[in-house]
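Chemist: Before I ask anything, here is the structure I am working with.
The values are calculated or read from the model by the stated rules, or taken from the named source; none is laboratory data. On a predicted model such as this, the values are computed, not experimentally measured, just so you know. Here the Cβ positions follow ideal geometry from the backbone for every residue, glycine too, while neighbour counts run over all protein chains shown.
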Amino acid sequence: MASTHIFSVLRALLTAIFTLSGVIALFLVYHKSFSSPECHPPLAHAGCLTNQTNFQSTSVVRKQPDRPAVIQQTDKPVMLMWFWPGNKRFDLKDCKTLFQIDSCHLTDDRSLYPRAHGVLVFHRAIRDDLSNLPTTARARFQRWIWFNMDSPTNTRRIAGIQGLFNLTMSYRKDSDIHVRWGVTLKKNADEDFVLPNKDRLLCWIVNNSNDLHTKSEERYNYYRELVKYIKVDVFYNSSAEILKGQNYFLTISSCKFYLSFENSIHSDYITEMFNGPLAAGTVPIVLGPPRRNYEDFAPGSSFIHVNDFPDAVTLAEFLLRLDKDDEGYMRYFNWRQFYTARRHLTEERHEFTHAICLACHHMGVNKEYRVVPDLYKWFFL
């Protein structure tokens, strides 16, 4: 009887030990599956990053002239503009005012760098020796955004930045943050398009008159050939007032056609040169990437591509015929039944506002980042 009792006690004890061992093993497996990701050795100017960004409440110090600093709580990620692009400053509230974007706390206060979830770095402003970039290690949750709106032809190569960035923002479709003004579906399908009054046939805006005769870019070469067969009304950026603000769109809208010639030819490099006439109610004559690339951003019937014609004289003859064919001309606006083009900002201080606000929006709604191991290999394809 005693031996039977001892055996029962031992069996119960062994069962308890095995059960406890199983619980401990399950706990260790569970804990390991949620451990922090491995942190690899950082690059120069870089810190260890994870793919999870902490957007919990952050204390933000707001400095006001002649007033003590005010500390406010915000649930929005902090996005720090390390440079003002081109030193073109705008009101930081403009993202909300102009685009209804209020997804981040946008700041240029570098003292907030340790708490910034995103740091926007304008490529043109980086010094060749990188001496004006942040030198302290970045936080685990911080992402650096490479901001460049220039084409590869006009982008300066800076040694040492290829592996610094987690996000890209440019005109390219495969950027993490794609920046351009495009056509959008109409909200009110019953709204009819009204063609603006036209008193000019073909127009173009350039920086100054010397460019027309001295520059050897493809757009100027094509213009010099085209102007032999058709009149082109040329306006100069140096003539200030006529092209500022709404005057810019009034000028373009007075023309039947507009030369939307890009300064270099690269895939996706389609700028406000194209958006301006679309928004103004004018037919763009485009010189840039192939037609199919333009059709990624606007209906193919909304513009005329120089590549559709064997030479400049054939294009000129086509435009002169279309000038006398009202029905044929109006077909270039059939897309307006379904789409609309928004007028881009033309004030000099707002040149980069739209892009910066899109970055703010991205920071507020996306927590992911991607490693860009070689920025130049991607950009200078």
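Chemist: Scan segment 103-143 for residues that are in a helix (DSSP H, G or I) and under 20 Å from Glu368 (Cα atoms) and jot them down.
Modeler: Within segment 103-143, Tyr113, Pro114, Arg115 qualify.
Chemist: If you take the residues in segment 252-311 that are among the hydroxyl-bearing types (Ser, Thr, Tyr) and assigned to a loop (DSSP other than H, G, I, E, B), which one is farthest from Phe333 (Cα to Cα)?
Modeler: Going through the qualifying residues, I end up with Ser264.
Chemist: Looking only at residues in segment 101-152 that are polar (S, T, N, Q) and touching a helix residue (DSSP H, G or I) at 6+ places or on another chain (Cβ under 6 Å), which one is modelled with the lowest pLDDT?
Modeler: Ser103
Okay, residues lined up against (1) under 17 Å from the mean Cα position of the chain (by Cα); (2) within 20 Å of Asp174 (Cβ to Cβ):
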| position | (1), (2) |
| --- | --- |
| Lys324 | no, no |
| Met330 | no, no |
| Phe338 | no, no |
| Arg342 | yes, no |
| Leu345 | yes, no |
| Cys360 | yes, no |
| Gly364 | yes, no |
| Leu375 | yes, yes |
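Chemist: Does segment 245-261 hold any residues that are within 23 Å of the chain's Cα centre (by Cα) and either over 26 Å from Phe338 (Cβ atoms) or at pLDDT below 95 (or both), and which are they?
Modeler: Across segment 245-261, the qualifying residues are Gly245, Tyr248, Phe249, Phe261.
Chemist: Just to verify a result, which residue in segment 184-204, among those that are more than 17 Å from Leu278 (Cβ to Cβ) and polar (S, T, N, Q), is modelled with the highest pLDDT?
Modeler: Asn197
Chemist: Also: Kindly indicate the residue of segment 120-170 that is loosely packed, with under 15 Cβ neighbours inside 10 Å and small (Gly, Ala, Ser) and also nearest to Asn263 (Cα to Cα) among those meeting that condition.
Modeler: In this case the residue turns out to be Ala159.
Chemist: Within segment 218-230, is even one residue closer than 27 Å to His350 by Cβ and touching a strand residue (DSSP E or B) at 6+ places or on another chain (Cβ under 7 Å)?
Modeler: yes
Chemist: Under 21 Å from the mean Cα position of the chain (by Cα) and within 27 Å of Leu120 (Cβ to Cβ), is that true of Tyr269?
Modeler: For Tyr269, the condition - under 21 Å from the mean Cα position of the chain (by Cα) and within 27 Å of Leu120 (Cβ to Cβ) - is met.
Chemist: If you don't mind, there's one more thing I want to ask. Kindly list, by first and then second residue, each pair from a residue in segment 173-194 that is in a loop (DSSP other than H, G, I, E, B) to a residue that is surrounded by fewer than 10 Cβ atoms within 10 Å (Cβ to Cβ), limited to pairs with Cβ atoms under 9 Å and residues at least 6 apart or on different chains.
Modeler: none
Chemist: State the number of residues belonging to segment 73-96 that are outside any loop (DSSP other than H, G, I, E, B), crowded, with 20+ Cβ neighbours inside 10 Å and touching a residue at least 60 places away in the same chain (Cβ under 8 Å).
Modeler: Residues that pass the stated criteria total 4.
Chemist: Here is a further query. Here are the criteria: (1) within 23 Å of the chain's Cα centre (by Cα); (2) in a helix (DSSP H, G or I). Tell me which single one Arg156 does not satisfy.
Modeler: (2)
Chemist: Considering segment 189-219 alone, what residues qualify as being hydroxyl-bearing (Ser, Thr, Tyr) and either closer than 20 Å to Val286 by Cα or surrounded by fewer than 10 Cβ atoms within 10 Å (Cβ to Cβ) (or both)?
Modeler: Once the filter is applied, which keeps residues that are hydroxyl-bearing (Ser, Thr, Tyr) and either closer than 20 Å to Val286 by Cα or surrounded by fewer than 10 Cβ atoms within 10 Å (Cβ to Cβ) (or both), segment 189-219 yields Thr214, Ser216.
Chemist: Now, a different point. Please enumerate the residues belonging to segment 97-117 that are in contact (Cβ under 8 Å) with a residue 60 or more places away in the chain and within 8 Å of Val78 (Cβ to Cβ).
Modeler: Cys104, His117
Quick grid of which residues meet (1) exposed (fewer than 15 other Cβ atoms within 10 Å of the Cβ); (2) closer than 22 Å to Glu191 by Cα; (3) not assigned by TED's automatic domain parsing to the domain that holds Cys203:
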position: Tyr248; (1), (2), (3): no, no, no
position: Leu259; (1), (2), (3): no, no, no
position: Ile270; (1), (2), (3): no, no, no
position: Ala280; (1), (2), (3): no, yes, no
position: Pro289; (1), (2), (3): no, no, no
position: Gly300; (1), (2), (3): yes, yes, no
position: Phe333; (1), (2), (3): no, yes, no
